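The values are calculated or read from the model by the stated rules, or taken from the named source; none is laboratory data. Predicted, not measured: the structure shown is a model, and the values here were computed from it. Neighbour counts run over all protein chains shown; Cβ positions are idealised from the backbone, glycine included.
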Amino acid sequence: MTEKYEFWNIEERWQGEWERLESFRVDEASDLPKYYLLEMFPYPSGRIHMGHVRNYSIGDVIARYKRMRGFNVLHPMGWDAFGLPAENAAIANKVHPARWTVENIDYMRAQLKQMGFSYDWARELATSDASYYRWEQVFFLEMLKRGLAYKRNSAVNWCTGCETVLANEQVVDGRCWRCEQEVLMRELPQWFFRITAYAEDLLAGCDDLHGWPDKVLTMQRNWIGKSIGAEIRFPLVGREGDLAVFTTRQDTVYGATFVSLAAEHPLALELSEGTPQHGAVREFAQRVKRISHSRRGDVETEKEGIFTGSFCLNPFTGENIPIYLANFVLMEYGTGAVMAVPAHDQRDFEFARKYGLPVRPVIHPRGATLAAEDMTEAYVADGVMADSGDFSGLSSEEGRSRIAAFLEERDWGKGTVRYRLRDWGISRQRYWGAPIPVVYCDRCGMVPVPVDELPVRLPTNVEFTGAGGSPLANLPEFYETECPTCRGPARRETDTMDTFVESSWYFARYACPDEDRQPLDRKRTDYWMAVDQYVGGVEHAVLHLLYARFYTRVLRDMGWLSVAEPFTNLLTQGMVIKDGAKMSKSKMNVVDPDDLIRRYGADTARLFTLFAAPPEKDLDWSDQGVEGAHRFLNRVWRFAMRHRERLAEVAADSGRIPSSGALKELRRRLHWTIKKVTDDIEQRFHFNTAIAAIMELHNTLGSMSPEDLRQEDGAALAKAALETEIVLLAPFVPHIASELWQRLGHTEALADVGWPEYSEAALVEESRLIVVQVNGKLRGKISVPADADAERIETAALADARVAAFIDGRDVRRVVQVPGRLVNIVIE
RNA sequence: GCCGGGAUGGUGGAAUGGGUAGACACACGGGACUUAAAAUCCCGCGGGCCUCGGCCUGUGCCGGUUCAAGUCCGGCUCCCGGCACCA
């Protein structure tokens, strides 16, 4: 009688074994080369979903594979534990965010253990622990000292209902996502990280990230958005001062017939002072300022503006040109003022036509001349400069560099570079986040909390009502404090940090999670960093991955790390799709990992998610596909159990060349499979084709004749094939593989077994199948000895009966050979 | 609008430096075992024609390069993702 595949017992037993033996615990005292594999840590939302199963299955294959290849593999797991959902749960269910978070972590940790992922649990961390965020407060103070953290007034989304700041993602159609009240823009003092100081470095660093997908690098480059151009100062008419504008098209400056300002521009109101339109200008500016950024940023919004009543001088043409406010000019980019060139910018063109401003073409396409009256849209391409003084006749490109030089010569401006990247706003008017460690004193102003008084802990006795803004701002026990400098009364900062700050350095903390005297232990981070392979969803292509790159540079400059780039290689996995849509509660298409584990086991769940698609593509969920994966594991199990006794009688041997043809084929396939699986994992993480290859090996093994199995050499080869198959399966389905390995009589842990080697010689076939084409079309197949030379193959091809029939006496013009594969006979 | 990525059987997907298109699996059809069902095993499975040995055709569409194109080049169509009034 053969025993059944009782996955529930097997999986529980091996998970217990790995835990008991601390099988995946690592330290720095190892002679093996290090390998740091990391998957993006989860937010403890309650339970794991299929996206997690996929992400962590992919990571676990790589971790287990690298271990078998002889690496000292760091594979940690933790929790991105601060964030809004905990607070919302507190409001809705009257559960404290800390308790909600801890309970979720406990449940999800158990789920991850049930999946059999090979984490070093000794390094587990949760970002909401003071033992984690205290170090973030240390970093903050250091950044403050270096001018990398600063506070300034900034326009924010303000929900009139909840009386709180909202992230851009929380504004839906200009309304609050939760209470649906109107969202307005409001100026509030906010904390920022000066990521823009690293814009050029972050951009240049992209060129060296050869292990990242091009798609992600492109997105990062676009996000940083470098523009090379010039700053030009337009002197104000009838008063002191000037207006600085930024342009990338200084070659069009002779066509600048007005200047447009953002509503937030410091001179916006001043310039209309004392003019009849002052009231109208004020009203316009206020109206525009209140519109949320998402709505103002809409291309469809009609271009609108108002004349300020003032003029400035275009220093190139000597003309006085009007100054307008315009709703499409952004204060955050450039200088908040643009020189308007209607003939060569589509927005300025529309604006000029609407308000009757002059359109003056100063760039002509090669071999043509533009006339303002005939233009129906702006000519935005490069061309030849005209009506541009001494610069006329130059190409746009040449003109740009000449004018930039000319600006500096005359001190009218200079060539300059601008980035779209903005400083990172990290203030959140929220409870469940890391407190920003500063206090405000009436006498001393803003004072950092001294390092030895850290951490500034989150208070626990908090009411969550969902109204009246941040709970911390309503808690005198928290914000009433004394000034560290003068010991007078002071008010504590009640903003907390964006949760993206925690996830910007957790990977470094995994190197030394128990370090309690300093944030990072340079010795240990130097050993483990950078992360050799990072795995996660592509949705983090910009935010998290850019913040982490920035923060790593900051930590390097502060001396905490030696590397500039945190992640050497990046694998972005696709989404899990069912019935044509991403799995989500609202779509009612969620498959719960718990159900899957209960019905089929973790190995089946892992196998299916790895087999159904290559990692970077979206994965189409299929219940029947899961069944299929489960059936395969059953087949492997039954085969091993059925032949266990026979195989125990022989020693595994795949070196010897067996007698029968079928066995020779099995031996060749065995070695080929090792090569195929190794290459698929090593070179491109294509686990689906690796698993397919193992299935093919199993199919060949399974169709072995009873006669071959009775033979000594047959049984020895079968044993080698089965054991190799189990070892190759180990990274994918570790429980069943471990169980079978043990049942086949091995005492050594499968995780410690080395990855199998293949023999190049064993791949060579005795005879090869050569495809014969006539004029590029498949006409026959011939079998030739492996060592046959080209001449012999050609002769054999021409002699093939079917091929001869197609040639049918016609002249052979040419014969093309692909060595060992194909012959193409070209006839007239 | 700009920047990426993609389109291959009924389905998910293979084909890695142009060289047998459809590996592996799912679904489906037929058969074996069974009193029956499930499970398992075997056979078939792009389309069309067929004298059953084959023949023609086929990788979104149109054209090109090549002895040879899913793969390279030019021009389209549609789908997905990101950014989006960035001066």
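A few comments on the model shown:
- Taken over the stretch A:400-427, the criterion of being out of contact with any helix residue (DSSP H, G or I) (no Cβ under 9 Å at 6 or more places or on another chain), basic (Lys, Arg) and surrounded by fewer than 16 Cβ atoms within 10 Å (Cβ to Cβ) is satisfied by A:410 alone.
- Hits in the stretch A:461-472 - residues which are surrounded by fewer than 19 Cβ atoms within 10 Å (Cβ to Cβ) and more than 34 Å from the chain's Cα centre (by Cα): A:461, A:463, A:465, A:467, A:468
- Among the residues of the stretch A:519-559, those that are assigned to a loop (DSSP other than H, G, I, E, B), in contact (Cβ under 8 Å) with a residue 60 or more places away in the chain and over 14 Å from the mean Cα position of the chain (by Cα) comprise A:519, A:520, A:529, A:530, A:558.
- Residue A:357 vs. criteria surrounded by 13 or more Cβ atoms within 10 Å (Cβ to Cβ) and within 16 Å of RNA strand B (Cβ to nearest atom): yes
- Some residue of the stretch A:575-585 being within 14 Å of RNA strand B (Cβ to nearest atom), farther than 26 Å from residue A:738 by Cβ, within 21 Å of the chain's Cα centre (by Cα) and among the β-branched types (Val, Ile, Thr): yes
- In the stretch A:620-644, the residues that are over 17 Å from residue A:53 (Cβ atoms) reach residues that are assigned to a helix (DSSP H, G or I) and within 8 Å of RNA strand B (Cβ to nearest atom) with C-beta atoms within less than 8 angstrom, at least six apart or across chains, in these pairs: A:632/A:695; A:632/A:698; A:635/A:698; A:635/A:702; A:636/A:698; A:639/A:698; A:639/A:702.
- Pair list, Cβ < 7 Å and 6+ apart or interchain, from the stretch A:680-693 residues that are on the phi < 0 side of the Ramachandran plot to residues that are surrounded by fewer than 21 Cβ atoms within 10 Å (Cβ to Cβ) and hydroxyl-bearing (Ser, Thr, Tyr): A:680/A:689
- Restricting the stretch A:420-441 to residues that are within 16 Å of RNA strand B (Cβ to nearest atom) and part of a loop (DSSP other than H, G, I, E, B), the residue that is nearest to residue A:126 (Cα to Cα) is A:423.
- Test set (1) of a type in the set (Val, Ile, Thr); (2) away from RNA strand B (no atom under 13 Å from the Cβ); (3) over 30 Å from residue A:761 (Cβ atoms) - residue A:826 fails condition number: (2)
- Scan of the stretch A:196-243 for residues that are more than 30 Å from residue A:403 (Cα to Cα), more than 16 Å from RNA strand B (Cβ to nearest atom) and either among the β-branched types (Val, Ile, Thr) or outside any loop (DSSP other than H, G, I, E, B) (or both), ordered by number: A:205, A:211
- Note on the stretch A:456-494: residues that are without any contact (Cβ under 8 Å) to a residue 40 or more places away in the chain, touching a Phe, Trp or Tyr at 6+ places or on another chain (Cβ under 8 Å) and part of a helix (DSSP H, G or I) total 0.
- Condition check for residue A:309: on the phi > 0 side of the Ramachandran plot, of a type outside the set (A, V, I, L, M) and within 16 Å of RNA strand B (Cβ to nearest atom): no
- Restricting the stretch A:263-283 to residues that are part of a loop (DSSP other than H, G, I, E, B) and of a type in the set (Asp, Glu), the residue that is surrounded by the fewest Cβ atoms within 10 Å (Cβ to Cβ): A:273
- Residue within the stretch A:295-315 that is crowded, with 21+ Cβ neighbours inside 10 Å and assigned to a loop (DSSP other than H, G, I, E, B) present: no
- One residue stands out in the stretch A:233-258 among those that are in contact with a Lys or Arg (Cβ under 9 Å, 6 or more places away or on another chain) and of a type in the set (Val, Ile, Thr): the one that is surrounded by the most Cβ atoms within 10 Å (Cβ to Cβ), namely A:245.
- Residue ID - nearest to RNA strand B (Cβ to nearest atom), chosen from residues in the stretch A:705-737 that are of a type outside the set (S, T, N, Q) and farther than 23 Å from residue A:750 by Cβ: A:706
- Considering only residues in the stretch A:679-704 that are among the β-branched types (Val, Ile, Thr) and within 10 Å of RNA strand B (Cβ to nearest atom), the one that is surrounded by the fewest Cβ atoms within 10 Å (Cβ to Cβ) turns out to be A:689.
- Extreme residue, surrounded by the fewest Cβ atoms within 10 Å (Cβ to Cβ), among residues of the stretch A:586-620 that are hydrophobic (A, V, I, L, M, F, W, C) and within 9 Å of RNA strand B (Cβ to nearest atom): A:613
- Residue count for the stretch A:241-268 under the criterion of being in contact with a helix residue (DSSP H, G or I) (Cβ under 7 Å, 6 or more places away or on another chain) and either among the basic types (Lys, Arg) or without any contact (Cβ under 8 Å) to a residue 60 or more places away in the chain (or both): the result is 2.
- Residue pairs whose Cβ atoms lie under 7 Å apart, sitting 6 or more positions apart in sequence or on different chains, and linking a residue in the stretch A:44-59 that is at negative phi and polar (S, T, N, Q) to a partner that is in a helix (DSSP H, G or I) and surrounded by fewer than 22 Cβ atoms within 10 Å (Cβ to Cβ), are A:45/A:85; A:45/A:104.
- Residues of the stretch A:327-353 satisfying the condition of being near RNA strand B (Cβ under 6 Å from one of its atoms) and over 19 Å from residue A:420 (Cβ atoms): A:327
- Some residue of the stretch A:370-388 being crowded, with 20+ Cβ neighbours inside 10 Å and within 28 Å of residue A:238 (Cα to Cα): yes
- Within the stretch A:250-275, tally of residues that are of a type in the set (D, E, K, R) and at pLDDT 95 or above: 1
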